[in-house]
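Below: one structure, written as structure tokens.
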């Protein structure tokens, strides 16, 4: 498992990219999207998981990527397609986007089993896993799904809480989460248009804006 400073993330050949979110229509994610397209190891197509959002916005996003000179892309409906179809589409992808949106329960209900297996195998073969906004939050060890408390995430970024759309106004809430989870956990606050990119050889890079904040839990008193 690669590690740099406090960051410890899942083994793989591809990049793990966590974005704070933003509106691609206003070019708020342009620098991040461009970096994802240019830095990805695999040359396979792009698969977009839109379960947290809506299909119309997902279609527009693929059109936007095409205008950037991106690779062939397709939408994956993990809530409706068969397990075999989903597995085949994701396993062969070179970039897997876990899209942003507000329907977090639908994404949570379907981001497991063959879906997660295919994402993992693609990542181990060189695919970039690109979590956007609320989609990035699922890749942490804990996430705030209900709006009131924390529950386990996928754990690809160990011992962390990923907070998209982070601003300083959210600091008291995030510190409260840290106190409630583990004293040695940390929160990764990602502002809009900012992304943390983690590479297979231990690279830790910031793509897009530099609006990245680390909040540490309280160490146990001696």
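All of the numbers you see were taken from the coordinates with simple rules; none came from a lab. What you see is a predicted model; the values in this text were computed from it and never measured. Quick reminder, even Gly has a Cβ in these numbers, built from the backbone with ideal geometry, and neighbours come from all protein chains shown.
Helix 113-124 and the longest principal axis of the C-alpha atoms of the chain enclose an angle of approximately 90°. Residue separation of residue 106 and residue 77 scaled by 0.36 nm, minus their Cα-Cα distance, works out to 9.4 nm of gained length. Were the residues from residue 56 through residue 5 laid out at 0.36 nm apart, the gain over their Cα-Cα distance would be 14.4 nm. Based on DSSP H segments of at least four residues, each scored -39500 (n - 2.57), the chain has a per-residue ellipticity at 222 nm of -8500 deg cm²/dmol. Against the main long axis of the alpha-carbon atoms of the chain, helix 171-181 sits at an angle near 80°. With only Cα atoms counted, the chain has Rg and Dmax values of 16.3, 57 Å. Given R0 = 25 Å, the distance between the Cβ atoms of residue 13 and residue 179 translates into a calculated FRET efficiency of 0.10. On C-alpha positions alone, give me the angle between the axis of helix 55-67 and the longest principal axis of the chain, in degrees, nearest 10. That works out to roughly 80 degrees.
Considering only beta bridges that DSSP places wholly inside the chain, some 45 percent are antiparallel.
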